[in-house]
Amino acid sequence: MINFQYSRATDVADAVRQMAAHPSAKFIAGGTNLIDLMKEDVEHPSRLIDIARLPLNSVEGTADGGVQIGALVLNSDLAYHPLIAQRYPMLASAILAGASAQLRNMASTGGNLLQRTRCCYFYDTATPCNKREPGSGCSAIVGLSRMHAILGTSEACIATHPSDMCVALAALDAKVHAVGPAGARAIAFADFHRLPGDTPQRDTNLEPNEIVTAVDLPARGFAANYTYLKIRDRLSYAFALVSVAAALELEGDTIKEARLALGGVAHKPWRDPVAETALRGQAASQATFGRAADLVLGDAKGFEHNAFKIDLARRAIIRALTQAAAGTPQSQSNKKVC
Amino acid sequence: MMQTHTAPRPTIPAPEKIPVRLTVNGVEMQLKLAPWTTLLDALRDHLDLTGPKKGCDHGQCGACTVLVDGRRIVSCLTLAVMKDGAKVTTIEGLATDGALHPLQQAFIDHDAFQCGYCTPGQICSAAGLIAEGKAKTDDEIRELMSGNICRCGAYPNIVAAIQQAMGQS
């Protein structure tokens, strides 16, 4: 691996101070993505600032009826935490749909938000990539694009955000807390990740000198009518071709509230407020779900190897909303899609 | 020569080796390691514990799985310095007083390996799985063991072996 210095942060303020003193450093917590990228020579920080021992590892109820998740809560601990499993089962399901048991035992909540794309050209330092080296070009647009985006792409980048957890967090209207030299701030989940535009090197709106400290969930958990449906090339331990987090609140057959977010299709978790608005007040029917899917995918654009995703996403949205309405969420162990 | 597309980087002075204390299979070990030493390399190259295998070295195959403070992780994506003070269990530490661990015996009973390269990771992962207590059915075992690849394809026998050991625990 590459040469780097190592230091441990004693608290959040110390972590921020150390980062300010070493601008080419990186924070490390679980390391499941960063160490891999360092081995591939994609990331080459001058220093790793170890934040793994900071006291940011609790899951607690908040005064407004929601839950605050410390940035260092491990993915497995979060998925199996009673508050999450009972009140936010869509989040638990999405987490368990991602990675492997070992990686979930290592990966942190904040790290999951900040993981980088698995675009094969981003990883391959012999090929141009605007995300890795701005201005060098995008190899994926004219290359192998099966795992790439169909929504919100740009001329510069068609990479996808790889997280499952973040798709559920987007649907649940989470909020990200961060601390930097200028103090603390909260970032709405929809504003946290970015579309590539002409700056695909920036995945998020977090500043490089800021540290994620917590993620908040509002009270609404959609525990009765939800699903996380993930379609992939093998049944486990693979990134999504398309995934759908769908959550409904029903009154009889009528949709009172709807949440719809997609993974595997864009540079960020793709939540569509227009489609959600179109679902509200409507009967929970295949026709309603089809109209919502058409709204989500109206501007979808396929590339040579991923145009199939537009049709796949349409079917996955309808299937996911059907599962949510029926109260029969997708099992993450029995992979049969019903 | 192929051009590489990475930004220029600063020259970084080589860091001092860092003292790391690990309790490995019940024995306290004092090491001095460069910060980039993975837990896998520390175990294999510094402690001569070659049970954990370097398969892909990218967290994709599970052959390097060990237990850290009782939980299964991939040691190839873990920096040893970050685990200072931790208790590490490798395949070499599972047998007690010469008696095989129930999972080791079950893998033999069910012929749950062919070449054996993935087996130390499979067994450590299965030990973590049993401790987690989330898997009961074959489907659940398959899903929660999906981080361990077996290219010989012994999967049905691995599931049977884990079921046997789980029944004994």
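Bear in mind that the values in this text are calculations on the coordinates, not laboratory data. As the structure is a computational prediction, the values presented were derived from the model and not from experiment. Note: ideal-geometry Cβ built from the backbone for every residue, glycine included; neighbour counts use all protein chains shown.
Based on every Cα atom in segment B:18-93, Rg and the maximum pairwise Cα distance Dmax equal 10.8, 29 Å.
Looking only at Cα atoms, what is the convex hull volume of chain B per residue, in Å³?
155
Computed on segment A:158-221, the Cα convex hull volume stands at 92 Å³ per residue. With springs connecting C-alpha atoms under 10 Å apart, model chain B as a Gaussian network and identify which of B:GLU16, B:GLU140, B:GLU92 has the largest mean-square fluctuation. Among B:GLU16, B:GLU140, B:GLU92, the largest mean-square fluctuation in the Gaussian network model of chain B belongs to B:GLU16.
Note on segment A:226-326: along the principal axes its Cα atoms extend 41, 29, 21 Å, ordered by decreasing extent. Each DSSP beta bridge with both residues in segment B:18-93 is either parallel or antiparallel, and the antiparallel ones are about 90%.
Counts of other chain beta carbons within 10 angstrom of each beta carbon in peptide A:124-132 average 3. Of the complete DSSP H runs in chain A, those spanning 15 angstrom or more by Cα along the long axis with a mean Kyte-Doolittle score not below 0.0 are A:286-297, A:308-326.
Bridgeable aspartates and glutamates around B:LYS134 (alpha carbons under 19 Å apart, same-chain partners fewer than 8 residues away excluded): A:ASP77, B:ASP69, B:GLU143. Charge tally for A:GLN115 (other residues, Cβ to Cβ under 11 Å; Lys, Arg +1; Asp, Glu -1): -1. In chain B, helical runs assigned H by DSSP with n ≥ 4 each contribute -39500 (n - 2.57); averaged across all residues and rounded to the nearest 500, the mean residue ellipticity at 222 nm is -7500 deg cm²/dmol.
Full-extension gain between B:GLN168 and B:ASP139, please, as 0.36 nm times their residue separation minus the C-alpha to C-alpha distance.
On the way: separation 29, 0.36 × 29 = 10.44 nm, distance 1.94 nm.
Taking B:GLN168 through B:ASP139 to full extension adds about 8.5 nm, to one decimal.
When the Cα positions of B:THR90, B:VAL66, B:GLN104 are compared along the charge dipole of segment B:65-107, B:VAL66 comes out farthest toward the positive end, with charges on each C-beta of Lys, Arg, Asp and Glu. Rounded to the nearest whole angstrom, the semi-axes of the ellipsoid equivalent to the protein assembly as shown, taken from the Cα gyration tensor as √(5λ), stand at 35, 29, 22, largest first.
Within the same chain, lysines fewer than 8 places from A:LYS256 are excluded, and of the rest, those with a Cα less than 28 Å from its Cα are A:LYS175, A:LYS230, A:LYS268. A DSSP coil position with no more than 15 other Cβ atoms inside 10 Å describes the following trypsin sites (Lys or Arg not before Pro) in segment A:64-165: A:ARG118, A:ARG146.
With one equal scatterer per alpha carbon and no solvent term, the Debye-computed log10 I(q)/I(0) for segment A:5-52 at 0.20, 0.27, 0.29 1/Å reads -0.60, -0.99, -1.08.
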